[in-house]
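The values are calculated or read from the model by the stated rules, or taken from the named source; none is laboratory data. Just so we're clear, the structure is a prediction, and the values are computed from it rather than from any experiment. Cβ placement follows ideal geometry from the backbone for every residue including glycine, while neighbour counts extend to all protein chains displayed. Surface accessibility is based on the protein's heavy atoms, side chains included, excluding ligands, DNA and RNA. Shrake-Rupley method; radii C 1.70, N 1.55, O 1.52, S 1.80 Å.
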Amino acid sequence: MAEGLRERKKRETRQRIADMAMGLFMARGFDNVTVAEVARAADVSVNTVFNYFTTKEDLFADRHDVAVDLPVRVLRERARGESAVAAFRRDFLDAIGTRDWRHGLNPGADVFARIVDDSPSLVARMRALHEERETALARALADEIDADPDDLTPRLAAAHLLTTTRALTDYAVRRQLAGEPWESVEPGLRAAAERAFELLERGLGALGALGELGELGEGPGEQGEGQDHDREAETEA
């Protein structure tokens, strides 16, 4: 369905407000900028700002919904037969090469991180965002493997996948904050990513590739060994 004129104007107004806000935040810090100043910079009223953004933190996290949905998209749009771990590995390595914002590797990500670190309310908001991303991915994984409600596998897998990508991003950003140029950071980040996803592959490699993964606690030491004993008994009989 084509976007109507009214919808386009609303989208453009929202984007202008968010862009003006981010410019002010990056120049002066989040806590040093008021909503009224954002409204003046965007040439709108304060009420208009709050019509589009419920809180001041929403102005900073204007891509919230997209960010929450991104891990689910990586999972659902992976190639046929590709495991969840392989899909996230491919997506992260692509973000390194393209410096895409979806993993916080874009130019200016270090400035973004500094603003967050300097504001307790933004630290809390980013923590809540990470939790929402993890919950959304866990639900998508649970649907894919038809997990029972009490099965912890989807939640643990989502936590491992997103903690890994977040730790890798933090590694890159902290090195840049210490003054290293991206050209110096990238080789180490790429090597660290390869090692990290290799570790994940050893534990979660079957997830998604076969469409199922046994419930937590049904590994080779339990269900698998029992099946081996059953087969041995059948052979002896």
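Numbers at a glance
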| item | result |
| --- | --- |
| For V111, solvent-accessible area (1.4 Å; no DNA, RNA or ligand), Å² | 40 Å² |
| Overall form of the range 103-201 per C-alpha gyration tensor (a/c, 1.5; a/b vs b/c) | oblate |
| Rounded if a/c under 1.5, otherwise prolate or oblate - the range 78-151, Cα gyration tensor axes | oblate |
| Cβ-placed point charges (K, R +1; D, E -1), dipole of the chain about Cα centre in debye, nearest 20 | 1960 debye |
| Only Lys, Arg (+1) and Asp, Glu (-1) charged, at Cβ; the range 1-130 dipole about Cα centre in debye | 340 debye |
| Computed lengthening from T54 to A79, 0.36 nm per intervening residue step minus Cα-Cα distance | 5.2 nm |
| Unit charges at the beta carbon, dipole of the chain: most positive-side option, M22, H64, T98 | M22 |
| Rounded to 10°, Cα long-axis angle of helix 64-76 versus longest principal axis of the chain | 30 degrees |
| Crossing angle, helix 84-98 versus the chain [Cα axis fit, 0-90 degrees, rounded to tens] | 40 degrees |
| Read-out semi-axes √(5λ) of the Cα gyration tensor in Å, derived from the coordinates shown; its label in [x] 42, 22, 15; [y] 48, 22, 13; [z] 42, 17, 15 | [x] |
| Selected from I145, V111, T164, residue furthest toward positive end of dipole (the range 99-168; charges at beta carbon) | V111 |
| K10/T163 FRET efficiency (R0 30 Å; Cβ-Cβ; nearest 0.05) | 0.25 |
| Accessible area of T55 in the full protein assembly, 1.4 Å probe (Å², nearest 10) | 50 Å² |
| Full-stretch length increase - D69, R190 - with 0.36 nm per residue and alpha-carbon distance subtracted | 41.1 nm |
| Tilt relative to the chain, helix 182-204 - C-alpha long axis, 0 to 90 degrees, to 10 | 40 degrees |
| Candidate residues R195, R102: accessible-area rank, largest first, probe 1.4 Å | R195, R102 |
| CD proxy at 222 nm, helix term only [per DSSP H run n ≥ 4: -39500 (n - 2.57); per residue of the chain; nearest 500] | -23000 deg cm²/dmol |
